[in-house]
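Q: Dropping a structure here in structure tokens format, bear with me for questions.
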């Protein structure tokens with residue numbers, strides 16, 4: 001039932017994106033500025049946002065054929081118009097943010113665990129030994145990685161909502177977060193290893209990673225309802 005619901009939602013999104021191709025350059029840019037604000041208002045129902053935007057898009061395409069521009073359709077202040085539309089949307093489930101966070105968390109943990117398991121198997125086949133790591137360094141590195149990826153995800157949602165994703169400030173913050181995500185684990189593993197040396201065998205790591213991916217899919221379905 002959830003798969004059917006998700007497929008219907010994806011089909012609705014594809015239909016919506018297909019309609020935007022009928023807009024000319026200036027009208028499309030203005031519509032996307034409004035649409036991004038509405039779609040990425042995270043406390044509001046995403047499904048209802050798509051329905052309203054799709055209906056608005058139909059009217060805008062029809063108006064464009066009659067020579068109407070977005071300034072006549074939305075008014076001079078696009079953001080004020082978008083805020084007015086957003087205020088009329090029903091609130092999203094309070095659990096959606098939680099499911100989104102859990103999805104990101106579990107997906108990243110699954111990726112790290114599965115990659116580690118594959119790496120351990122390759123090392124075992126090549127050298128006859130398992131990967132070993134300092135425990136506290138691993139905990140610090142995984143924590144920093146997951147927190148940074150979560151911050152990066154929500155930051156990109158906010159910038160998309162405010163139509164600032166292409167600004168220099170946004171790009172610098174993204175580069176900084178990616179730098180922290182990659183360099184902190186290297187720092188603690190190579191230069192400042194902390195904790196007892198341990199190993200996590202591939203026959204535990206790979207199944208654990210797969211289970212985490214299945215759990216991430218479950219949270220994704222919950223998030224997308």
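The values are calculated or read from the model by the stated rules, or taken from the named source; none is laboratory data. Worth saying up front: this structure is predicted, and the values here are computed from it rather than measured. Positions of Cβ are backbone-derived with ideal geometry, glycine not excepted, and every protein chain shown enters the neighbour counts.
Q: Please verify whether region 150-166 includes one or more residues that are in a helix (DSSP H, G or I), over 20 Å from the mean Cα position of the chain (by Cα) and at pLDDT 80 or above. First the steps, then the outcome.
A: First, pick out the residues of region 150-166 that are in a helix (DSSP H, G or I): 150-161.
Cutting the leftovers down to over 20 Å from the mean Cα position of the chain (by Cα) gives us none.
No, the conditions are met nowhere in region 150-166.
Q: Scan (1) in a helix (DSSP H, G or I); (2) under 22 Å from residue 156 (Cα atoms); (3) modelled with pLDDT under 75 for the single condition residue 103 breaks and write down its number.
A: (3)
Q: Please determine whether any residue of region 78-91 is out of contact with any helix residue (DSSP H, G or I) (no Cβ under 6 Å at 6 or more places or on another chain), more than 28 Å from residue 222 (Cβ to Cβ) and modelled with pLDDT under 75.
A: Looking through region 78-91, at least one residue is out of contact with any helix residue (DSSP H, G or I) (no Cβ under 6 Å at 6 or more places or on another chain), more than 28 Å from residue 222 (Cβ to Cβ) and modelled with pLDDT under 75.
Q: Then there is this: Out of all the residues in region 106-129, is one or more exposed (fewer than 15 other Cβ atoms within 10 Å of the Cβ) and assigned to a loop (DSSP other than H, G, I, E, B)?
A: Yes, there is a match, as at least one residue in region 106-129 is exposed (fewer than 15 other Cβ atoms within 10 Å of the Cβ) and assigned to a loop (DSSP other than H, G, I, E, B).
Q: Let me ask another. Looking at residue 215, is it free of Cβ contacts under 8 Å to residues at least 40 places away in the same chain, over 28 Å from residue 30 (Cα atoms) and in the same structural domain as residue 133 (by TED's automatic domain parsing)? Step through it out loud before you land on a result.
A: Working: free of Cβ contacts under 8 Å to residues at least 40 places away in the same chain: no; over 28 Å from residue 30 (Cα atoms): yes; in the same structural domain as residue 133 (by TED's automatic domain parsing): yes.
Criteria not met by residue 215.
Q: For residue 178, all conditions in the list (1) surrounded by 15 or more Cβ atoms within 10 Å (Cβ to Cβ); (2) assigned to a helix (DSSP H, G or I); (3) touching a helix residue (DSSP H, G or I) at 6+ places or on another chain (Cβ under 8 Å) hold save one; what is the number of the exception?
A: (1)
Q: Scan region 181-205 residue by residue and report those that are under 18 Å from residue 139 (Cα atoms), assigned to a helix (DSSP H, G or I) and out of contact with any helix residue (DSSP H, G or I) (no Cβ under 6 Å at 6 or more places or on another chain).
A: 182, 183, 186, 187, 190, 191, 204
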